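Asks: The structure's right below; bear with me while I get my questions together.
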Amino acid sequence: MIEAHDVGKAFGDVKALDGVSVAVPKGTVLGLLGHNGAGKTTLVNVLTTLLPHDSGRASVAGFDVATHGHEVRSRIGLTGQFAAVDEQLSGTDNLVLIARLLGATPREARARAAELMELFDLADAAKRPSRTYSGGMRRRLDLAAGLVGRPDVIFLDEPTTGLDPSSRLSMWEIVEKLVSDGTTVLLTTQYLDEADRLADSITVLSAGRVVASGTSSELKAQVGQRSVTVTLATAADVPTAMRSLEQAGLQPVLDAEHNTLTAPVTASRELAVVVRALDEVGVEASELALGEPTLDDVYLTLAAHQAA
Ligand SMILES: Nc1ncnc2c1ncn2[C@@H]1O[C@H](COP(=O)(O)OP(=O)(O)OP(=O)(O)O)[C@@H](O)[C@H]1O
Ligand SMILES: [Mg+2]
């Protein structure tokens, strides 16, 4: 349903997309992971025809985004990183307005709006101006707005950034329901746990390039289930510590700014391996931490593999 092949897009000297390819089968979710500036929004904008690309090919629902923008737009819903609802209008009126713009009769528009306000648990606030909605309610309204036209494909750009845990959960449940009804979803996120929960496959973008793609378990297998981070007391210890961890069979990655070494581990008992390795070379750690895999670990590990 969504295909990008070697898509490039530059803004002046910045290569926002540097040969990006993704493929999303019908009824599945692609999670696009990446830090600020990785190119996530740019890819969404290209695929939703908001932005022309410079090179490569992209199609949505079988239509080329460059040559068949109208066909693409009529089949997609877009929920942007920056909400697009009219603050003065009530939630219901926002949805009615969109439905009317899409060609519904007043009666159909009101019915669709009511249905969505119900689905998104906004019925109680239906008549209030949307500027009085909480962040989570705004985000749900924004998603509802993208669904008025019953799109086959939806694009969600950081749908839960800034939401509290319970609002995130309800957003996830809504997305899961849409997918079970056959909707195809591309969502961008900075959170591994979100991609983990929702995405059938994950593409990691970094500086406009795909640095990894696969299922969540494939990515985790790449980064190791967990990681150990050692903070060294002095920068002078870094080379010694690095070598001893490598000799112990770990693959430490240096963060020179913070004097930390992070290495993926498969079991918590490898924490002991780290302690012993440092002890043998007489290096003192000021802090030692065992962490769950985060997006940072994915990046750190991938960067290490690329450098190797
Ligand atoms: N209209 C623009 N003009 C100039 N540069 C741009 C423009 N849009 C994006 N960029 C640049 O392209 C790169 C990718 O930006 P993009 O917005 O796609 O990143 P992102 O992954 O969505 O980041 P975030 O997590 O902050 O939303 C960045 O370096 C950004 O500064
Ligand atoms: Mg963005």
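Asks: Can you work out which of the residues in the range 19-53 that are of a type in the set (Val, Ile, Thr) and away from ligand 2 (no atom under 12 Å from the Cβ) is farthest from the chain's Cα centre (by Cα)?
Replies: My answer is THR49.
Asks: Still on this structure: Six or more apart or on different chains, Cβ under 9 Å: which pairs go from a residue in the range 171-189 that's assigned by TED's automatic domain parsing to the domain that holds GLY135 and in a helix (DSSP H, G or I) to one that's basic (Lys, Arg) and within 16 Å of ligand 1 (Cβ to nearest atom)? Could you list them?
Replies: MET171/ARG139
Asks: Is it the case that ARG140 is in contact with an Asp or Glu (Cβ under 8 Å, 6 or more places away or on another chain) and assigned by TED's automatic domain parsing to the domain that holds ARG112?
Replies: yes
Asks: So, one more: Hand me the list of strands (runs of 3 or more DSSP E) wholly inside the range 1-89 holding 3 or more residues that are near ligand 1 (Cβ under 10 Å from one of its atoms).
Replies: 2-11, 14-24
Asks: Collect the residues in the range 231-288 that are hydrophobic (A, V, I, L, M, F, W, C), assigned to a loop (DSSP other than H, G, I, E, B) and touching a residue at least 40 places away in the same chain (Cβ under 8 Å), keeping them in residue-number order.
Replies: Selection gives ALA233, ALA267, VAL281, VAL283.
Asks: Given the conditions (1) modelled with pLDDT of 90 or more; (2) crowded, with 16+ Cβ neighbours inside 10 Å; (3) in a helix (DSSP H, G or I), and given that ASP196 satisfies all but one, which numbered condition is not satisfied?
Replies: All conditions pass for ASP196, except number (1).
Asks: Condition first: hydrophobic (A, V, I, L, M, F, W, C), modelled with pLDDT of 95 or more, touching a Lys or Arg at 6+ places or on another chain (Cβ under 8 Å) and surrounded by fewer than 22 Cβ atoms within 10 Å (Cβ to Cβ). Can you find one or more residues in the range 37-52 that meet it?
Replies: yes
Asks: Regarding the range 170-177, can at least one residue be identified that is out of contact with any Leu (no Cβ under 9 Å at 6 or more places or on another chain), of a type outside the set (Gly, Ala, Ser) and away from ligand 2 (no atom under 15 Å from the Cβ)?
Replies: Checked the range 170-177: at least one residue is out of contact with any Leu (no Cβ under 9 Å at 6 or more places or on another chain), of a type outside the set (Gly, Ala, Ser) and away from ligand 2 (no atom under 15 Å from the Cβ).
The values are calculated or read from the model by the stated rules, or taken from the named source; none is laboratory data. Being a predicted model, the structure only gives us computed values, none of them experimental. We place every Cβ from the backbone using ideal geometry, glycine too, and count neighbours over all the protein chains shown.
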